[in-house]
Amino acid sequence: MASATLLKSSFLNKKAEWGATRQVAAPRPVTVSMLVQTAKTIASPGRGILAMDESNATCGKRLASIGLENTEANRQAYRTLLISAPGLGQYISGAILFEETLYQSTVDGKKIVDILVEQGIVPGIKVDKGLVPLAGSNDESWCQGLDGLASREAAYYEAGARFAKWRTVVSIPNGPSALAVKEAAWGLARYAAISQENGLVPIVEPEILLDGEHGIERTFEVAQKVWAETFYYMAENNVMFEGILLKPSMVTPGAECEDRATPEQVADYTLKLLHRRIPPAVPGIMFLSGGQSEVEATQNLNAMNQGPNPWHVSFSYARALQNTCLKTWAGRPENVKAAQDALLLRAKANSLAQLGKYTSDGEAAEASEGMFVKNYVY
């Protein structure tokens, strides 16, 4: 397919340069046009991102839910299942990987990054080092990982990654305090600047957690503040907006709020937020699902694409793409095809939602089960 050819020629080293020589190859200069082209490829019509960058500990929790031990072999088997689903690149333009996965091979001995490129999928990498308590705050968190980031990202680029992801969080029940918002925005801005200097398109993700009883208006109010500070500090750090992607939360009520919102209400508030805060130079808005059910995340995305938008409005889902797939697999080799079919079904549904053409007719009941986990640790 055209996108696969583009990736092989524009973003990644030639196949002959891969393998043992990949780690010692001389670094190539990265141009502005390369960053912009990578971002545009990921933000291509009808496609979104498969987030499979769970830490080994989080992946272990997922495996435990189907009765499997958290071993590298089991993680490898599951990741192989995901990235080798036939035709996945028709719906998925990018895949966010954990560091182990970036350097990992499939059960057949092929490099995972090579399989992604063959599918026309841009490999990405999670680069933050997780959340830790923020001193002086109201039991809030900040994201660590800036120390040594430049050298790590240079190595990730040589290994085949072409975009990066950094997730920090804002908690509404805990404030959010001005300190926590500023720390989140500044950290994201520094990460974005460092990533672009090292050839990686930064995905900027200040997740506003679903935890809480607050209504949709309160989420909207906090989101405006968070995004205003984030873009202010990105400008201060000379981040090129044409070479980034955003991964925001949708504007929804808190998970424990009794007044639920329709997809149309979620779309109205979320698009209003985007128009007020996000420059049209940004190529793509790749929403996180944040504990919504598979169907809910798809319905909300579809509602946002019922009219033209100045950005590519799409998805970067983990559980909302993988939940049914994981349960279907259950760790059994004979279930691999059925599990891949489940993944492709969800990927296609969200592809249609990106185009504004999704309908929920025929959706299985289990796809409507909520996945919110209070105080979720990623």
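The values are calculated or read from the model by the stated rules, or taken from the named source; none is laboratory data. Every value quoted in this text rests on a predicted model; they were computed, and no experiment measured them. Every residue, glycine as well, gets a Cβ built from its backbone with ideal geometry; the counts of neighbours run over all protein chains shown. For the accessible areas, the whole protein counts, side chains as well, though only heavy atoms, and no ligand, DNA or RNA atoms are used. Shrake-Rupley method; radii C 1.70, N 1.55, O 1.52, S 1.80 Å.
Just grab the label-to-label distance for residue 32 and residue 105, each label 7 Å out from Cα along the Cβ direction, in nm (one decimal). If labels sit at residue 32 and residue 105, their model points lie 4.2 nm apart. In plain terms, the chain from residue 341 to residue 306 could stretch by 9.9 nm, reckoned as 0.36 nm per residue minus the Cα-Cα distance.
FRET efficiency for the pair residue 360 and residue 71, taken as 1/(1 + (r/R0)^6) with r the Cβ-Cβ distance and R0 = 25 Å, rounds to 0.10. Here the spin labels are modelled as points 7 Å beyond Cα on the Cα-Cβ line, and at residue 272 and residue 58 they lie 3.0 nm apart. Here, the chain has an Rg and a Dmax of 19.3, 58 Å when only alpha carbons are counted. Spatially, segment 111-180 and segment 286-360 are offset by 22 Å when compared through their Cα centroids. Legend: Rg and Dmax of segment 29-86, from Cα coordinates, 16.2, 47 Å.
Along each principal axis, taking the top coordinate minus the bottom one, the Cα set of segment 48-164 gives 50, 36, 24 Å in descending order.
On a per residue basis, the chain carries 40 Å² of accessible surface, using protein heavy atoms and a 1.4 Å probe.
Could you rank 312, 275 by how accessible they are, 1.4 Å probe, largest area first?
Details: 312 20, 275 115 Å².
So, going from the largest accessible area down, we get 275, 312.
With the simple spin-label model, which puts each label point 7 Å out from Cα in the Cβ direction, the residue 330 to residue 281 separation comes to 5.3 nm. Taking 0.36 nm per residue of separation and subtracting the current Cα-Cα distance, fully stretching the chain between residue 225 and residue 155 would add 21.7 nm.
Tally Lys/Arg at +1 and Asp/Glu at -1 over every other residue whose Cβ is under 10 Å from the Cβ of residue 351; what's the total? With Lys, Arg at +1 and Asp, Glu at -1, the net is +4.
Note on residue 262 and residue 348: with the Förster distance fixed at 25 Å, the Cβ-Cβ geometry gives a FRET efficiency of about 0.60. Dividing the radius of gyration of the alpha carbons in segment 262-356 by their Kirkwood radius gives 1.06 for Rg/Rh.
For the chain, what % of the accessible area comes from carbon and sulfur atoms, probe 1.4 Å?
Details: 7990 of 15150 Å².
Within the chain, the accessible surface is 53 percent carbon and sulfur.
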